[in-house]
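A.B. asks: First the structure, which I've put down as structure tokens, then a few questions once you've had a look.
Readers should treat all values here as calculations from the given coordinates under stated rules, not as data from a laboratory. On a predicted model such as this, the values are computed, not experimentally measured, just so you know. Please note: Cβ atoms are built from the backbone with ideal geometry, for glycine as well, and neighbour counts cover all protein chains shown.
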Amino acid sequence: MSAEHPEYLTDLPPLSAAGLRAAWEMPWKARNEIARLLLWPWVRLQFALAGVRWGRGWRLYGAPILQVHRRATLRIGDRLELRSAVRSNPLGPNHPVILSLRRPGAALTIGDDFGMTGGVIVVEERVTIGDRVKVGANSAILDTDFHPVDPRRRMQHMLEGATAPVTIEDEVFIGMETLVLKGAHIGAGSVIGARSVVTGAIPPGAVAAGNPAHVIRWLDARQQA
């Protein structure tokens, strides 16, 4: 990203000509950075209380919601970026990012350079997300149905829905308002179109969309043949 179009104002020297010009031309970014820095102590405490190690280069715009069972495991790599504040993204997150590990033994592992805006990740069994994965605004990743399908079982055990692990490999991009449901496996480098519903396996290097999501083309022209 060039000095003319910086991704983060804090990447520029604050009193430099480039830094002052960028803050003047993009005042919303300046406000976002000020709000992020003011909220930083509370957000860092929030993760510490949940037993989560603070990684290098984390940027959190607005406070996420953490629901981490004391016997669950949440691991996140470096350079995390979560956007929970409505002003932090022009797509307008509907709510803060929610990371919910609901049961003993639940495990959420997120690699380096993960980004999410106003999304939800709910884990009752296991969700594994690789490096450099970006998730568009207001999407949800769920490894559980929450509730049983059978009505009699639902009346007796309301919260015992079926579960299956979810895997999202490296360098996946997920479009806004997408649902990634239990048992989904998205291959490395794939792109999921906005408002898709991913229920099964998407191979690496694919562009997939729809309900249920299916491959509509390949990113590598050689795979088109």
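A.B. asks: At q = 0.07, 0.09, 0.12, 0.18 Å⁻¹, what log₁₀ I(q)/I(0) does the chain have when each alpha carbon counts as one equal point scatterer in the Debye sum?
C.D. replies: Debye intensities relative to I(0), on a log10 scale: -0.25, -0.41, -0.70, -1.32.
A.B. asks: Under the definition of Cα pairs under 8 Å and six or more residues apart, what whole-number percent is the relative contact order of the chain?
C.D. replies: Rounded, it is 10 percent for the chain.
A.B. asks: Cα centroid distance between the stretch 162-219 and the stretch 77-120, in Å?
C.D. replies: Distance between centres, Cα-based: 17 Å.
A.B. asks: Angle between the Cα long axis of helix 27-49 and the longest principal axis of the chain, 0 to 90 degrees, nearest 10?
C.D. replies: That helix lies at roughly 50 degrees to the long axis.
A.B. asks: Let me ask something additional. Which order do the peptides 41-53, 187-199, 205-217 come out in when sorted by mean C-beta neighbours inside 10 angstrom, highest first?
C.D. replies: 187-199, 205-217, 41-53
A.B. asks: Could you give the dipole magnitude of the chain about its Cα centre, charging the beta-carbon of Lys and Arg +1 and that of Asp and Glu -1, in debye to the nearest 20?
C.D. replies: 640 debye
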